[in-house]
Amino acid sequence: MGDQPALEASIEIAASPDEVWALVSDLPAMKHASPELVGTRLLGRPGVGRRGLNLNRRKGFVWPTITRITRWKPPVHDRGRGALAFHVWPTDVEWSYELAPAGDGTTTVLTERRTAVVDPSWVVRATARLALGGADSHDREILAGMHRTLAHYRRAADR
């Protein structure tokens with residue numbers, strides 16, 4: 001893996017894994033949960049191999065990314081455990097959401113993770129330095145955003 005540290009945050013949600021899956025697998029609605037995502041256009045139905053075009057923003061800086069779904073495992077297939085992951089280009093990171101039942105199965109632990117696939121290119125490093133305040137600063141911001149995203153999903157499940 002690359003030299004970027006993996007970032008991870010988890011939250012327990014008072015909803016079944018199927019209910020949480022319905023929230024996180026709605027990729028176009030992810031723009032409401034993620035502080036950095038402006039929108040997603042998925043090309044075809046969700047599933048492994050599907051691609052999407054995304055628009056991201058941080059303050060005044062806006063940039064496009066292309067994603068490819070690498071895992072699509074609804075929790076119904078593995079005793080309440082589910083996973084959704086996608087590879088992001090040009091940053092070569094994988095974002096994932098993992099669901100695990102907790103307690104008697106009426107609550108779910110949702111984990112969001114960002115893992116570098118390869119070392120970032122010089123273009124990605126330069127962009128992070130010039131437009132995002134550097135990789136370390138951006139990583140702190142991303143981790144805070146992960147906590148906000150997970151809190152959004154918990155609020156959405158409460159509705």
Does segment 33-69 hold any residues that are farther than 19 Å from Arg148 by Cβ and of a type in the set (S, T, N, Q), and which are they? Thr65, Thr67
For segment 12-33, which positions are open to solvent by 20 Å² or more (accessible area, probe 1.4 Å) and assigned to a strand (DSSP E or B)? Glu12
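Yes/no matrix, rows are residues, columns are (1) in contact with a helix residue (DSSP H, G or I) (Cβ under 9 Å, 6 or more places away or on another chain); (2) farther than 23 Å from Arg154 by Cα:
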{"residue": "Ser10", "(1), (2)": "yes, no"}
{"residue": "Ala15", "(1), (2)": "yes, no"}
{"residue": "Glu19", "(1), (2)": "yes, no"}
{"residue": "His32", "(1), (2)": "yes, no"}
{"residue": "Leu37", "(1), (2)": "yes, no"}
{"residue": "Arg41", "(1), (2)": "yes, yes"}
{"residue": "Gly49", "(1), (2)": "no, yes"}
When (1) among the small types (Gly, Ala, Ser); (2) part of a loop (DSSP other than H, G, I, E, B); (3) open to solvent by 40 Å² or more (accessible area, probe 1.4 Å) are applied to Gly105, the one that fails is (3)
Here is a list: Arg68, Arg125, Arg148. Which entry is farther than 20 Å from Ala9 by Cβ and modelled with pLDDT of 95 or more? Arg68
Go through (1) on the phi > 0 side of the Ramachandran plot; (2) open to solvent by 60 Å² or more (accessible area, probe 1.4 Å); (3) in contact with a strand residue (DSSP E or B) (Cβ under 9 Å, 6 or more places away or on another chain); (4) not hydrophobic (A, V, I, L, M, F, W, C) one by one and return the number of the condition Glu8 breaks. (1)
Which of the residues that make up segment 36-53 are touching a residue at least 24 places away in the same chain (Cβ under 8 Å) and touching a Ser or Thr at 6+ places or on another chain (Cβ under 7 Å)? Pro46, Val48, Gly52
Report yes if some residue within segment 24-37 is hydroxyl-bearing (Ser, Thr, Tyr) and over 12 Å from the mean Cα position of the chain (by Cα); otherwise report no. no
Number of the exception - Ala83 against (1) in contact with an Asp or Glu (Cβ under 7 Å, 6 or more places away or on another chain); (2) surrounded by 18 or more Cβ atoms within 10 Å (Cβ to Cβ); (3) outside any strand (DSSP E or B): (3)
Which is within 18 Å of Glu94 (Cβ to Cβ), in contact with a Leu (Cβ under 6 Å, 6 or more places away or on another chain) and among the hydroxyl-bearing types (Ser, Thr, Tyr), of Thr65, Thr40, Thr70? Thr40
Do we have Thr108 as hydroxyl-bearing (Ser, Thr, Tyr), touching a strand residue (DSSP E or B) at 6+ places or on another chain (Cβ under 8 Å), modelled with pLDDT of 95 or more and under 21 Å from His152 (Cβ atoms) here? yes
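If I ask for residues that are modelled with pLDDT of 80 or more and closer than 15 Å to Arg57 by Cα, which ones from segment 128-143 would you list?
Across segment 128-143, the qualifying residues are Asp139, Glu141, Ile142.
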Would segment 79-101 turn up any residue that is free of Cβ contacts under 8 Å to residues at least 12 places away in the same chain and under 22 Å from Asp158 (Cβ atoms)? no
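The values are calculated or read from the model by the stated rules, or taken from the named source; none is laboratory data. Small disclaimer: the values here were computed from a predicted structure and weren't measured. Don't worry about glycine lacking a Cβ; one is built from the backbone with ideal geometry, like all the others, and counts go over all protein chains shown. Remember, those area values only see protein heavy atoms, side chains included, never the ligands or the DNA or RNA. Shrake-Rupley method; radii C 1.70, N 1.55, O 1.52, S 1.80 Å.
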